[in-house]
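What follows is one structure encoded as structure tokens, with my remarks underneath.
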Amino acid sequence: MSNLTNKKILFIICGGISAYKSLETIRLFKKKGAQIKTILTKSAKEFVTPLSIASLSQGKVYEDLFSVENETEMDHIALSRWADVIIVAPITANTITKLSQGSSEDLASTVILASNKQIFLAPAMNVRMWEHNSTKNNLQTLKKFGYKIIGPVVGDMACGEYGEGKMSSPLDIFDTIHNFLSKHEKNKKVKALVTAGPTNEYIDPVRFITNKSSGKQGYEIAKSLSKRGFDTTLISGPTNLDIDDNINLIKVETAEEMFKATQKNLPSDIAIFSAAVSDFKVTEKKKDKIKKKENITINLEKNIDILAYVSNHNSMRPKLVIGFAAETIDLEKNAISKLTSKNCDWIIANDISKRNSGFESDYNEVTIHYNNNKKEKLSHKKKSEISEEIVDRIVNQMN
Ligand code: CTP
């Protein structure tokens, strides 16, 4: 994609000597027809003027204030939703620290905190500041939030020193974003379906069989897919989680409902089955609440295996079928067996007996088993990071 005419870029400029380079970066995007809105932090205005940015970008320049005019025209939430991508260039050590703490003290940090889009940061600072442990730790935190870092590079600095900390060139920044937006555009035509959460299998109108799945990993995968532009549908069992509006969310309760919703949303190019579907349902659900004095026996029967059904029906099989294997023993053996028996391309195995990992936790530790006998371990980290890494691999596979 060389043309960026329908692409919307929110450009945030912080205060630093390399702020002048943002003029050239904006010019490169403008040449390709992108729509640009800019936020200038208070200190950025010491280095570049709102007028020069407005003339070059031919778009609105927000100065870093909550003004009545701005908020009525497009509030800070709408501004973060408007963008396809957000770039902060240059970003200073001070703003890196603020963002790593989730600060929302000014317009730039508030928009970033409220964003559901991919955020790119192009740091620029003195070499000692760049090498300081505090900066390194804060950047690690930002990477965990899913922010992508461009540069910095080694070179002569405005302060007279030499080393790493110089902002990447406008062309390098442009190329990285252009590449991201090209894939984003391509992914828009790719349908992805994700199942998540538990299912409830009713015994009577008020009681059901379920499991401890929180749905967190599946929701994070859906968010990561949508952030990369995929046309994402999330079929979810009962959870307490929220999801962005740009994801087509279908709420279900039982395995049967999940199966029907899945069928209805095929064909899909990618399908990721992360739901902890109940293997059994009650054969005869009681119409009225069972009373204590009743003597009851509950008969169970098998639910349909949604993943196995989809992956074994050629007419509906997505190009990439990914299953999960939640195990307490023989993780690898069981995962590989599910990879074959359920005809998956990949199985993502996790040990749910571990503390602070898997079911209910915000963290996970998984191994991806591929159908070419290869495997890859993703070490213990937040489910949001695991999902980013899984989606990185999906993007590579689909390309
Ligand atoms: N799955 C499914 N439909 C089912 C059961 C499981 O789609 N009725 C999918 C899950 O979403 C997951 C994979 O199959 O991607 C494996 O699920 P898991 O619960 O680990 O395995 P089971 O097949 O249920 O086998 P077991 O409980 O015996 O380990």
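The values are calculated or read from the model by the stated rules, or taken from the named source; none is laboratory data. Computed from a predicted structure; not experimentally measured. All Cβ positions, glycine included, derive from the backbone under ideal geometry; neighbour counts span all protein chains shown. These accessible areas exclude ligands, DNA and RNA; they are computed on the full protein's heavy atoms, side chains included. Shrake-Rupley method; radii C 1.70, N 1.55, O 1.52, S 1.80 Å.
For the chain, the ratio of Cα radius of gyration to the globular rule of thumb 2.2 N^0.38 Å stands at 1.14. Surface composition of the stretch 8-185: carbon and sulfur make up 53 percent of the accessible area, probe 1.4 Å. Would you please state which residues of the stretch 280-310 a label at Val206 would reach in this model, taking the label point 7 Å out along Cα→Cβ and a backbone N cut-off of under 19 Å? Counting only backbone N, you get 285-298. 3J(HN,Hα) couplings calculated from phi for the stretch 372-377 with the Karplus curve 6.51 cos²θ - 1.76 cosθ + 1.60 (θ = phi - 60°) are, in sequence order, 9, 6, 7, 9, 8, 9 Hz; Gly and Pro show x. With a point put 7 Å past each Cα toward its Cβ, work out how far Ala54 is from Asn396 in nm, to one decimal. Inter-label distance under the simple model: 4.6 nm. Report, in degrees rounded to the nearest 10, the 0 to 90 angle that the Cα long axis of helix 216-227 makes with the longest principal axis of the chain. It works out to around 40 degrees.
Over the stretch 304-357, accessible surface divided per residue gives 50 Å², non-protein components excluded, 1.4 Å probe. By DSSP, the beta bridges lying fully in the chain are antiparallel in about 30 percent of cases. As an exercise, use a Förster radius of 45 Å and the Cβ-Cβ distance of Lys286 and Lys374 to find the FRET efficiency, rounded to the nearest 0.05. For R0 = 45 Å, the calculated efficiency reads 0.40. Bridge orientation summary for the stretch 8-185: considering DSSP beta bridges with both residues in this region, about 15 percent are antiparallel. By the Cα gyration tensor, the stretch 226-295 has an equivalent ellipsoid whose semi-axes, rounded to whole angstrom, run 32, 14, 9 from largest to smallest. The value given for the stretch 100-174 is a Kirkwood hydrodynamic radius of 13.4 Å, derived from the mean inverse Cα-Cα separation. What is the diffusion coefficient of the stretch 188-398 in µm²/s, taking the Kirkwood radius over Cα pairs and the Stokes-Einstein relation at 25 °C with a viscosity of 0.890 mPa s? The Stokes-Einstein estimate is 140 µm²/s. Amide hydrogen proximity for Tyr62: with H placed 1.01 Å from N in the peptide plane, the residues at 5 or more positions away or on another chain lying under 5 Å are Thr38, Ile39, Leu40. For the stretch 8-185, the convex hull drawn through the C-alpha positions has a volume of 103 cubic angstrom per residue. Taking the DSSP bridge list for the stretch 188-398 and keeping only pairs wholly inside it, about 40 percent are antiparallel. Full extension of the chain segment joining Lys188 with Leu266 gains 26.5 nm, where the gain is 0.36 nm per residue of separation less the Cα-Cα distance. Relative to the longest principal axis of the Cα atoms of the chain, helix 170-187 runs at roughly 30 degrees. Rounded to the nearest 10 degrees, the inclination of helix 21-31 to the longest alpha-carbon principal axis of the chain is 70 degrees.
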